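Visitor: The following block contains the structure, expressed as structure tokens.
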Amino acid sequence: MSTALGLKLRLGDITEEMADVIVNAANPGLLGGGGVDGAIHRAGGPEILAECRQRKKELPGGQLPRGQAVATTAGRLWARWVIHTAGPIWSAAEDRSAVLASCYTESLRLANDLGATSIAFPAISAGVYGWPLEDAARIAISSVRSVPRGSVAEVRFVLFGSAAYETFRSAL
Ligand code: ADP
């Protein structure tokens, strides 16, 4: 029933995580990139990119709108699925918080639809996309808590580096 969602923090590389779903901080083009995206494709192998090309064909203009999420195989990773979500680029002039929150809520909803029981998130938009870490952590935590409880019982935030880990710990 609606017991509280288990939230956990981990320090390390998300590609090594044993969770049903690993979330990729992708870009709208879905064909890979740097940071966590590059790490997931390197560790998971070419099957993930092949399915990304498939998902791309199904999307209007071949682009995944920022704040939305699609699932593919996890290839050679331990996980069953990779959920790709495109985060917003940080802007000082425009509040894009709702788009960042949507990355978390849409990914978690999709994981529930797939029947997953655990999901691992990186700090979406907090790398190349430049989102300030404290704010990124606050949005990540509050948005996963806002999703009605489904099959997913455990949400993990996998932080790359102790600064990100400590920031998420404070926010929690
Ligand atoms: P974005 O473009 O959404 O900002 P990035 O991949 O540049 O995505 O960074 C998102 C976050 O993921 C950053 O905090 C970065 O340090 C972290 N990161 C990079 N590689 C990994 C990894 N292998 N596992 C977990 N987190 C990672």
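All of the numbers you see were taken from the coordinates with simple rules; none came from a lab. Small disclaimer: the values here were computed from a predicted structure and weren't measured. As a convention, Cβ positions derive from the backbone with ideal geometry for all residues, glycine included, and neighbour counts pool all protein chains shown.
Visitor: What spacing in nm lies between the two simple spin-label points modelled at SER142 and GLN63, each 7 Å away from Cα in the Cβ direction?
Guide: Distance between the two pseudo-spin positions: 2.8 nm.
Visitor: How much net charge surrounds LEU49 when only the other residues with a Cβ under 11 Å from the Cβ of LEU49 are counted, with Lys and Arg +1 and Asp and Glu -1?
Guide: In short, +1.
Visitor: So, one more: Can you list the residues, at least 5 places off or on another chain, whose amide H is less than 5 Å from the amide H of LEU11, using H built in the peptide plane?
Guide: LEU159
Visitor: Also, quick follow-up: How high is the relative contact order of the chain, in percent, counting Cα pairs under 8 Å that sit 6 or more residues apart?
Guide: After rounding, I find 31 percent.
Visitor: Further, regarding this structure: What residues have an amide H closer than 5 Å to that of ALA69, excluding those fewer than 5 places away on the same chain, when H is modeled at 1.01 Å from N in the peptide plane?
Guide: Residues meeting the amide H criterion: none.
Visitor: Which one, ALA79, ALA120, ALA50, has the greatest fluctuation when you compute a Gaussian network model over the chain with C-alpha springs under 10 angstrom?
Guide: ALA50
Visitor: Once you list every other residue whose beta carbon is under 15 Å from the beta carbon of LEU133, what net charge do they have if Lys and Arg are +1 and Asp and Glu are -1?
Guide: -1
Visitor: OK, next. Between ASN24 and residues 5 or more places away or on another chain, which pairs have amide H atoms under 5 Å apart, with H built 1.01 Å from N, and which residues are they?
Guide: ILE83, HIS84, THR85
Visitor: Something else: Could you tally the net charge around THR167, taking each other residue with its Cβ under 12 Å from the Cβ of THR167, Lys/Arg +1 and Asp/Glu -1?
Guide: -1
Visitor: If you take every DSSP beta bridge fully contained in the range 7-171, what fraction is antiparallel? Give it as a percent rounded to 5.
Guide: 25
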